[in-house]
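Values quoted throughout were computed directly from the atomic coordinates according to the rules given, and no laboratory measurement underlies them. Bear in mind that the values here come from a model prediction, so they are computed numbers and not experimental data. As a convention, Cβ positions derive from the backbone with ideal geometry for all residues, glycine included, and neighbour counts pool all protein chains shown.
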Amino acid sequence: MWITGQQWYFDAGRSALDCIKSALTTAHIAPTSILDLPCGHGRVCRMLRAFFPDAHLTVTDLDHDGVDFCAAQFNATPVYSHEDIWRVSLDQCFDLIWCGSLFTQLDAPQLPDFLGFFAEHLSPDGVLVFTTHGRQPIQWMREGFFDYGLSREEQRTLIEGYVKEGFGFVSPSNQAFGISLSSMAFVCRQLERWPSLRLIDFHEAGWTGHQDVVSRLRLRKPRPNLDELMVWMTLSYSLL
């Protein structure tokens, strides 16, 4: 997020915890292992440690100072991140993965790598909770309430992409990271390649009234998709 200050630090952490608790209640699990990626300087990690005092907590971020701070302050295992997410070494799976304010900065071609990485490191019956920019930022930009550091032209480009494709992205500095907008339909299409990840919760502007919150449960056994089920039923009927 682009707002700073001590009060915002704590408000954002508490709001994230509320979103996480909602997803865990729906999934009926109590996590014993948690990954916070990216952890920043602990606005959510702080709340996770307080609410899950006995859980094994792992923190990772490109910002090494943030990782070191979270590890020291919240008794967490530090893992330095990398722009190539597959070069991040994690030797376990997690009951809960929290990913706040990452997909809000990524272009569409980057999303599958991160989603695949999270799917690979999620325990059976584990929950992935991540955030995206949806309709709320569009309203703010149109009203002139918040510009995300973008020029008027960049804002128009971003919103036009969302309206036409369900996804928009601009990077003012032409770097790998920027600002993105994602419709719920676009997010669901991205997740179709992982049938074991079932949607269990979606809160529009659920994180601090700003970012959308998407929660996915990893099923122990992926359910067959409809096409596979129809083929199976047809074959079964033909053998009668």
**OP:** With the Cα gyration tensor of the chain in hand, convert its eigenvalues to equivalent ellipsoid semi-axes via √(5λ) and list them largest first in whole Å.
**Re:** 30, 25, 16
Original post:
For the range 120-137 and the range 13-92, what is the separation of their Cα centres, given in Å?
Top reply: 13
Original post:
Distance in nm between label sites at residue 151 and residue 189, each 7 Å beyond Cα in the beta-carbon direction?
Top reply: 2.9
**OP:** Counting helices only, and only those DSSP H runs with n ≥ 4, report the 222 nm mean residue ellipticity of the chain as the sum of -39,500 (n - 2.57) divided by its residues, in deg cm²/dmol to the nearest 500.
**Re:** -12000 deg cm²/dmol
Subject >> Modelled label reach - residue 176, point 7 Å along Cα→Cβ, the range 58-91 residues with backbone N closer than 12 Å >> reply: 62-63, 81-88
Original post:
At what distance in nm do the modelled label points of residue 32 and residue 73 sit from each other, each positioned 7 Å from its Cα along Cα→Cβ?
Top reply: 2.9
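Find the relative contact order for the chain and round it to a whole percent, using C-alpha pairs within less than 8 Å whose residues are 6+ positions apart.
It comes to 18 percent, rounded to a whole number.
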Original post:
Pick from 18, 95, 125: which is most flexible by mean-square fluctuation in a GNM of the chain where alpha carbon atoms under 10 Å apart are linked?
Top reply: 18
Subject >> Point-to-point label distance, residue 163-residue 202, nm (Cα→Cβ direction, 7 Å offset) >> reply: 2.2
